[in-house]
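Report on one structure; see the data block that follows.
The values are calculated or read from the model by the stated rules, or taken from the named source; none is laboratory data. Predicted, not measured: the structure shown is a model, and the values here were computed from it. Neighbour counts run over all protein chains shown; Cβ positions are idealised from the backbone, glycine included. The accessibility values were calculated without ligands, DNA or RNA, using every heavy atom of the protein model including side chains. Shrake-Rupley method; radii C 1.70, N 1.55, O 1.52, S 1.80 Å.
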Amino acid sequence: MQEPNQSSVTEFILLGFSFNSRTTPLLFSAFLMTYLLIILGNSLITILICLNSHLHTPMYFFIGILSMLDLGYTTTTVPQMLVHLASQKKTISFASCVAQMYIFLVLGITESWLFAMMSIDRYVAICHPLRYKVIMSPWLCGVMVTFCGLWGVISALIYTVFAMRLPYCGPNKINHFFCEVPAVLKLACADTSVNDWVDFILGFSVILVPLSLILVIYVNIFIAISRIRSVQGRLRAFSTCASHITVVTVFCVPAMVMYMKPSSEASPEDDKKLALFYNVISAFLNPIIYSLRNKDVKRAFFKAAGRGRAPE
């Protein structure tokens, strides 16, 4: 196994997006504004959940964890992208690239499994409402989140080790806006077929398995909802699931396409667009989806702002 420090490449150049210099200021402004809104939205949801006792429920516990993951997830990549857009120097050291790759994978894989845990929470809330608080105890919620984190740490380590064990002897230009595994592997001076298999197998365990679990759970949820006699009751039950289904689709589907296709079929420009979806856009949409449609969150916000109650 070749160690990273034995490689002839000591730093990489991140090419970023293929735009001319005239559009760079506009692109910088758009990403900066989006990043600030991500920080504001996710931080606000996290603070509201911590401060408001009415939000101390399993569902909001998972939403709070999701917001913290989104904050870390985007902070791993977006600030560096903004620096590279604003300056001529677009380099990243080999060690920093490895660290960025690993942290990004840890948070992303953890988030992927967290979505599965959130679907379990919705299943218990809808199908076993009278036993909901007993089944979804704080201890069980803590175990579920710990499982997601451990799975993320271990899977990300395997991804990173298999990617960085390869020799990198030049060129050193990564056609991406951050050090993502598929983009980095294209620069390896060795056969990456083993990595393709590792990526596919791990992609199966960290994306397809959670998605399959979510699908099975929602089939059962929809069966249970269809048995509710009241139309208003069915709509209320479905509404609690709609937000979760939306964020899962925005995050998991692009990630599955990215990590489960062979590197030979990868298109740099398409990969960057996919990465924007599950790295930036999903983190931007999550606070909007979980707050604008949620009366509890709006009520907590207006209470914290001193207005007493949210307008209907």
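Descriptive notes on the structure:
- Flag for LEU114 being within 22 Å of VAL153 (Cβ to Cβ), open to solvent by less than 20 Å² (accessible area, probe 1.4 Å) and part of a helix (DSSP H, G or I): yes
- Test result for LYS303, more than 24 Å from the chain's Cα centre (by Cα) and either modelled with pLDDT under 75 or open to solvent by 60 Å² or more (accessible area, probe 1.4 Å) (or both): yes
- Residues in region 210-231 that are under 18 Å from ARG122 (Cα atoms), part of a helix (DSSP H, G or I) and open to solvent by 50 Å² or more (accessible area, probe 1.4 Å): SER212, LEU213, LEU215, VAL216, VAL219, ASN220, PHE222, ILE223, SER226.
- Region 128-142: number of residues that are assigned to a helix (DSSP H, G or I) and within 13 Å of MET118 (Cα to Cα): 3
- Residue that is modelled with pLDDT of 85 or more, over 23 Å from VAL124 (Cα atoms) and surrounded by 13 or more Cβ atoms within 10 Å (Cβ to Cβ), where the choices are ASN175, ASN195: ASN175
- Odd one out for ALA188, checked against (1) part of a helix (DSSP H, G or I); (2) at pLDDT 85 or above: (1)
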